[in-house]
Amino acid sequence: MPSPRNSPKNSRDRRALGNRLEFLSLLNQRTPPAPDSPSRRKDCTGNSGSPQTLPEEDCIKLNPSFVDIALRSLLAIDLWASKQLGVCAGESSSWGSVRPLMILIEVSGHGIPWLAITLYGLWRSDSSAWREVLFNLFFALVLDLVLVAAVKGLVKRKRPAYNRMDMFATISVDKYSFPSGHATRAALVCRFILHHFVLALPLRVLVILWVFVVGISRIMLGRHNVTDVICGLIIGYLQYSLVEYFWLSPASAPFLFSLYI
């Protein structure tokens, strides 16, 4: 007779108990979390399919426009050429020995000498025709001073770093560079003289050459960049058209002309 320990019934009970314990142990094991699906990650981030966009100020402009590239290139060329041409910026410069001559040319294009000469001519003139011309020359010089000061105050482009602030009779806006007041004045006076003064051909040529010499001297002295002078010449040339449009005469400004009768 088989013992109870080795009976088939007891063997079946032990196997059933072992299977039950194994099943319970499997249930008690922690199931690893399933990886997030793309849709779940999308819901967590709050996005609805569109990529996240950065603020405009945080974006790097990798494709600048052609105009932007052209302007930056022209500015670089302007600064380089101006520095190369500033050969009289100081006594120790390569052309420092001709700096006094450049300063003399600078004074010839200054506003104060031209205003003083015009006022002296008005005081000494006995001709109504001459007074009319000189009145308008004075008006043109004042207009040039006002417009150049306004543009300099708006643009506020600093003068070249190698410039020496030893200029004759300056005001607060003269610390700025754009446009060149000497260049605007030279171009304006040149057009005015050529249209209203009777001069021989050699003198007319000298007046035109004086304009370009004044402009070049501003660059050689380190006072201005090349674009300051070029734009100054253009502005001065256009200013004369404005003076012609608002031409003063005894009929349009009788009070002013009555002061010298």
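The values are calculated or read from the model by the stated rules, or taken from the named source; none is laboratory data. Since the structure is predicted, the reported quantities are computational estimates derived from the model, not experimental observations. For neighbour counting, all protein chains shown are included, and Cβ atoms are generated from backbone atoms with ideal geometry for every residue, glycine included.
Values for this structure:
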quantity: Within region 163-186, tally of residues that are within 16 Å of Ile103 (Cβ to Cβ), touching a helix residue (DSSP H, G or I) at 6+ places or on another chain (Cβ under 9 Å) and not in a helix (DSSP H, G or I); calculated: 6
quantity: Extreme residue, nearest to Ala187 (Cα to Cα), among residues of region 219-250 that are modelled with pLDDT of 95 or more and of a type in the set (Gly, Ala, Ser); calculated: Gly236
quantity: Residue within region 122-140 that is loosely packed, with under 12 Cβ neighbours inside 10 Å, among the hydrophobic types (A, V, I, L, M, F, W, C) and farther than 21 Å from Val243 by Cα present; calculated: yes
quantity: Any hit, region 225-240, residues being on the phi < 0 side of the Ramachandran plot, buried (at least 21 other Cβ atoms within 10 Å of the Cβ) and assigned to a loop (DSSP other than H, G, I, E, B); calculated: yes
quantity: Residues that are more than 15 Å from Arg218 (Cα to Cα) and at pLDDT below 90, drawn from region 146-169; calculated: Ala169
quantity: Conditions (1) farther than 18 Å from Ala140 by Cα; (2) surrounded by fewer than 24 Cβ atoms within 10 Å (Cβ to Cβ): number failed by Phe246; calculated: (1)
quantity: Sole exception among (1) in contact with a strand residue (DSSP E or B) (Cβ under 6 Å, 6 or more places away or on another chain); (2) surrounded by fewer than 22 Cβ atoms within 10 Å (Cβ to Cβ) for Leu194, by number; calculated: (1)
quantity: Count of residues meeting criterion [over 21 Å from the mean Cα position of the chain (by Cα) and surrounded by fewer than 11 Cβ atoms within 10 Å (Cβ to Cβ)] in region 169-191; calculated: 2
quantity: Condition check for Val189: of a type outside the set (Ser, Thr, Tyr) and either out of contact with any Phe, Trp or Tyr (no Cβ under 8 Å at 6 or more places or on another chain) or not in a helix (DSSP H, G or I) (or both); calculated: no
